[in-house]
Amino acid sequence: MNSPFVRSSFNPIITAGDLPYRAHAAFNPGATRRGDEIALLIRVEGFRGQSHFAVARSVDGETGWRFDPTPALEGDVVRHPEDAWGIEDPRVVYLPELARYAVTFTSYSLAGPLVSLALTDDLVTFERLGPICPPDDKDAALFPRRFGNDWLMLHRPNCGGEANIVLSRSPDLLHWSEPELVIAARSGGWWDAGKVGLGPPPLETSAGWLLLYHGVRLTASGALYRSGLALLDLDDPTKVIARTDDWHLGPETVYERTGDVPNVVFPSGWVLDSSGERVLVYYGAADTVIGLATASLSDLLGTLELRAAA
Ligand code: BMA
């Protein structure tokens, strides 16, 4: 397939064996720039089967990863009973207005997965703001700035099997409005039939907010997780300017096809390289390891502009 994404020759770039302590799997990382480095906030699954987060840093975002010696954030069932079965799938966004990073993640509560929010200066100490969406809800990320008075967030409630990407608004990061539909799952034989969810946080470009989102297809031998592109209006991100018909990143390699959950490619973080022209996409592969794929920003926008014009 003619995909704009190229996989790193170092893939999988991170596995559980790279961590400074014993762990079963490392996948679905949030990603951000921090000083001169790229930092990943990694979902790590321990041998109880529950997940926490660990930080790895690298100068080129591809090799030479250094790990913080202890977990960055663990479920805290005393202060946050919603973390009953751990925390999963962080998305990291730098908020210039607060000069802090916002981390949205799944708390796996007794009532199902819900969205939690934490703020951090350094990816070392986290201030938890608590749950911001009731279960069943996940795959959430903030936009990096306010629109008027409001912060905006994309998230993915799952209501009776309908699982679409929606937008909510908040004046204070704590109280969030009723969801407005942004990207609906397609139906029938589509690759993104039944369930879609946001991948990395929305990326601001001159053409609009770029999204990479996953679609789930249920088959006789399990779910297939692939990702496609969409572009949202810069001023009103409830408006979809373009959405690709094809998926652009799907399970192909052995480490994507084989693992705890086979046939899963789950992008959850991306950063622009120093030239601002290449996008580095970090993804969980088969819920077991981390892969890196890169693409030129103009190729991604070109793919979508063709759709918008069609
Ligand atoms: C989703 C999430 C992800 C996971 C994916 C594939 O529902 O729970 O954490 O990577 O399923 O198993």
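The charge dipole of the chain, taken about its Cα centre with unit charges on the Cβ of Lys, Arg, Asp and Glu (plus for the first two, minus for the last two), comes to roughly 360 debye.
Between segment 1-69 and segment 223-239, how many Å separate their Cα centres? Comparing the Cα centres of segment 1-69 and segment 223-239, I get a distance of 24 Å. Between A220, A163, A102, the GNM of the chain built on Cα springs shorter than 10 angstrom shows A220 fluctuating the most. Residue farthest toward the positive end of the dipole of the chain, with Cβ of Lys/Arg at +1 and Asp/Glu at -1: which of S268, G46, A223? Projecting each Cα onto the dipole axis, the largest value belongs to A223.
Restricted to Cα atoms, segment 44-133 shows a radius of gyration and a Dmax of 13.6, 40 angstrom. Leaving ligands, DNA and RNA out of it, report the carbon-plus-sulfur percent of the accessible area of the chain at a 1.4 Å probe. Solvent-exposed carbon and sulfur of the chain make up 52 percent of the total. Candidates P135, N164, V289 compared by Cα position along the dipole of the chain: farthest toward the positive end lies V289, with charges placed on Cβ.
Between exposed trypsin sites (Lys or Arg not before Pro) in the chain, where DSSP calls loop and at most 13 other Cβ atoms lie within 10 Å, what's the longest gap? No qualifying site falls inside 146-238, the longest such stretch. Note on the chain: antiparallel DSSP beta bridges, both residues inside, total approximately 95 percent of the bridges counted. For segment 207-310, report the % of Cα-Cα distances exceeding 19 Å. Above the 19 Å cut-off, segment 207-310 has 47 percent of its Cα pairs. When the Cα gyration tensor is reduced to axis lengths a ≥ b ≥ c, the ratio a/c is 1.5 or higher for segment 1-50, and with a/b not above b/c it is classed as oblate. Considering the options G188, L173, G208, tell which one lies farthest towards the positive end of the dipole of segment 166-232, charges being +1 on Lys and Arg and -1 on Asp and Glu at the Cβ, about the Cα centre. My answer, from the dipole projection, is G188. Given +1 at the Cβ of Lys and Arg, -1 at the Cβ of Asp and Glu and no other charges, the dipole of segment 14-154 around its Cα centre is 80 debye to the nearest 20. When the chain is treated as a GNM with alpha-carbon contacts under 10 Å, the residue of P113, P90, P29 showing the greatest mean-square fluctuation is P113.
Summarised in one figure, the compactness ratio Rg/Rh of segment 6-309, Cα atoms and Kirkwood Rh, is 0.93. Using the heavy atoms of the protein chains and a 1.4 angstrom probe, tell me the accessible area per residue for the chain in square angstrom. Per-residue accessible area for the chain comes out at 40 Å². As a calculated quantity, the FRET efficiency between A111 and A223 at R0 = 30 Å, using C-beta atoms, amounts to about 0.85.
Of all DSSP-defined beta bridges confined to segment 201-301, some 95% are antiparallel rather than parallel. Count the DSSP beta bridges whose two residues both fall in segment 112-256, then state the antiparallel fraction as a percent rounded to the nearest 5. Of all bridge pairs located within segment 112-256, approximately 95 percent are antiparallel.
The values are calculated or read from the model by the stated rules, or taken from the named source; none is laboratory data. Just so you know, these numbers come straight off a predicted model, no measurement behind them. Every residue, glycine among them, receives a Cβ derived from its backbone with ideal geometry; neighbour counts consider all protein chains shown. Note: areas computed on protein heavy atoms with side chains; ligands, DNA, RNA excluded. Shrake-Rupley method; radii C 1.70, N 1.55, O 1.52, S 1.80 Å.
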